[in-house]
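Every number in this text was worked out from the coordinates using simple rules, so none of it is lab data. Fair warning: this is a prediction, and the values are worked out from it, not measured in the lab. Methodologically, a virtual Cβ is constructed for each residue, glycine included, from the backbone with ideal geometry; neighbour enumeration extends over all protein chains shown.
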Amino acid sequence: MKNETFSTLYAAALLDLAHEKNEVERVREEVAFLKQILDQDASSRSFFESPKIERSEKLRVIESTLRGKVADSIANIFCVVIRKGRTLYLSQIFEDFSVLHDKRAGIVHASAVTAVPLSDESRAALVDALSAKLRKRIQLGNKVDPAILGGLVVRYDGMVADGSLRTAIRKVGVRMNAVKLGSQFIHEN
């Protein structure tokens, strides 16, 4: 655990609590919602991150706005983070929670870049193929990039499988430029 950051440790503690209380899905949904608020609402983020606002005021706001409306484990993590003065890392804690949750649940996030949007059938076939290969549940996103010309580029867990037409054409071009024709080696006087 030496290499783990405290945000990962807080996230792991939250996930363990959620498992203990058998409320993992509820906590996952609420964490995603709260992370979205922190990431998109500058006033909420600056409230928690501001050193000018007393910790007691932040705790009062958590108790009055979150307690009883979200899982107690989430309200408690907020309180611990505030008391420890680590509110700058709330969003990262929530991000780490999602990563740990998905890893423990055997979920892999993959993205497919295609020249045109994937049809439902193609999406299902790709998900099935990846699930069979990785033996994990796949959540697939699709990004459209006409510049790849055709085929697809799949990314997951730091891996890239590039089956795009653009890359295939580029490889053919490299091979053609590497070919030395016989006439280049014959010198005539």
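Okay, here's what the table says:
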item: Ellipsoid semi-axes in whole angstrom, largest first, where each is sqrt(5λ) of the Cα gyration tensor of the range 106-178; result: 25, 14, 9
item: Taking all pairs of distinct alpha-carbon atoms in the range 65-189, Kirkwood radius in angstrom; result: 19.0 Å
item: Mean ellipticity per residue at 222 nm, deg cm²/dmol - from DSSP H runs of n ≥ 4 across the chain, formula -39500 (n - 2.57); result: -18500 deg cm²/dmol
item: Potential extension, Ala147-Asn22 segment - 0.36 nm per residue separation minus Cα distance; result: 40.4 nm
item: Whole-number percent relative contact order across the chain, with pairs defined as alpha carbons under 8 Å at least 6 apart; result: 19 percent
item: Most fluctuating residue given options Lys143, Lys171, Lys84, as computed from a GNM of the chain linking Cα atoms under 10 Å; result: Lys171
item: Global form of the range 67-120, assessed from the alpha-carbon gyration tensor, a/c cut-off 1.5; result: prolate
item: Between the range 163-177 and the range 35-55, the Cα center-to-center distance that results, in Å; result: 48 Å
item: Three-way shape label, the range 6-103, alpha-carbon gyration tensor, a/c 1.5; result: prolate
item: Selected from Arg175, Arg135, Arg67 as most flexible by GNM, with the chain as the system and alpha-carbon contacts under 10 Å; result: Arg175
item: Rounded FRET efficiency, nearest 0.05, which uses the C-beta distance separating Val99 from Ser64 and R0 of 25 Å; result: 0.25
item: For a label point 7 Å along the Cα-to-beta-carbon line of Gln139, residues of the range 81-98 with backbone N under 19 Å; result: 91-98
